[in-house]
Amino acid sequence: MAFLEKYKDQVEVFISVCRNLCRNTYVTSQGGNLSWKLEHNLILITPTRVNKGEVEPEDLVFINSAGEKIEGKHAPTGETPMYLNFYRKRPDIKTVIHCHPPYTGSFAISKGKNWLMRPIFPETCAEIGPVPVVPYGQPLSQELADNFLPYLQKHNAFLMENHGLVILSQKDIAWAMMITELLETTSFSILHALSLGGVKELSKKDVEKLDEVMATRKLPLFGAPGVNKSLTDLYFP
């Protein structure tokens, strides 16, 4: 129980996020999982087959960067290969949430346009950016983990085709939760706008001005450090 005690503050926040995901119905049954890279070779991760609303500190699992369990009574989530890929390919990332928020999930199963790739709200553009659809892969598989690779350097948020959502963050797990909530609210608004006659996008000029604001405030772009040069390039390639 050494790491559970050493990182008791982070564990408390982690448990809170687990329960918030369940309370918001962003996860149901035993679905969804999350993790937090606490040290270079130490990852806190949710256990397999445990309802996130019922997770207790002693249920949590600590693994190393090879996916080997270091501490915990359960096995880690079956999506561990996906998480290891994220931390291996994006060493800047500290936390990851995979969940199934219902409004955002609509775009993961829709045959229509992926409006989450377009500039709609300035906050969503600046804090999340375009959200691509990662091709379907069998859950719990290395195939699914590898399907993210073409998108992983440019983006921090991903729709998993016919599956759910993944959010990466360079900050703590509470911040990753806030970004998840922001995206779900955006999805809710887009779906309602479509029912009212259509969606209005921000113009290229609007996004260029948003780039200026971000530069003035020295706000970092999502994606791996140095990969993305501007919001304008991402939304209007």
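Looking only at the stretch 127-144, which residues are in contact (Cβ under 8 Å) with a residue 40 or more places away in the chain, farther than 13 Å from GLY223 by Cβ and crowded, with 19+ Cβ neighbours inside 10 Å? Once the filter is applied, which keeps residues that are in contact (Cβ under 8 Å) with a residue 40 or more places away in the chain, farther than 13 Å from GLY223 by Cβ and crowded, with 19+ Cβ neighbours inside 10 Å, the stretch 127-144 yields only LEU144.
Restricting attention to the stretch 187-209, which residues are of a type in the set (Gly, Ala, Ser) and either closer than 12 Å to LYS113 by Cβ or in contact (Cβ under 8 Å) with a residue 40 or more places away in the chain (or both)? Within the stretch 187-209, SER187, SER189, GLY198 meet the criteria.
For the stretch 72-102, filtering for residues that are more than 21 Å from GLY31 (Cβ to Cβ) and touching a Leu at 6+ places or on another chain (Cβ under 7 Å) leaves 3.
LEU159 - would you say it is in contact with a strand residue (DSSP E or B) (Cβ under 7 Å, 6 or more places away or on another chain) and either under 23 Å from ARG49 (Cα atoms) or of a type in the set (Phe, Trp, Tyr) (or both)? Against the criterion (in contact with a strand residue (DSSP E or B) (Cβ under 7 Å, 6 or more places away or on another chain) and either under 23 Å from ARG49 (Cα atoms) or of a type in the set (Phe, Trp, Tyr) (or both)), LEU159 qualifies. Residues of the stretch 222-234 that are of a type outside the set (Phe, Trp, Tyr), in a loop (DSSP other than H, G, I, E, B), out of contact with any Lys or Arg (no Cβ under 8 Å at 6 or more places or on another chain) and touching a residue at least 60 places away in the same chain (Cβ under 8 Å): PRO225 alone. Considering each residue of the stretch 2-38, count those that are in a loop (DSSP other than H, G, I, E, B), on the phi < 0 side of the Ramachandran plot and either surrounded by fewer than 24 Cβ atoms within 10 Å (Cβ to Cβ) or not hydrophobic (A, V, I, L, M, F, W, C) (or both), and give that number. The total comes to 6. Mind listing just one residue for me: the one in the stretch 49-81 that is in a strand (DSSP E or B) and among the β-branched types (Val, Ile, Thr) and, of those, surrounded by the fewest Cβ atoms within 10 Å (Cβ to Cβ)? Taking the candidates together, the pick is ILE70.
Values in this text are rule-based calculations from the coordinates and carry no lab data. Being a predicted model, the structure only gives us computed values, none of them experimental. Please note: Cβ atoms are built from the backbone with ideal geometry, for glycine as well, and neighbour counts cover all protein chains shown.
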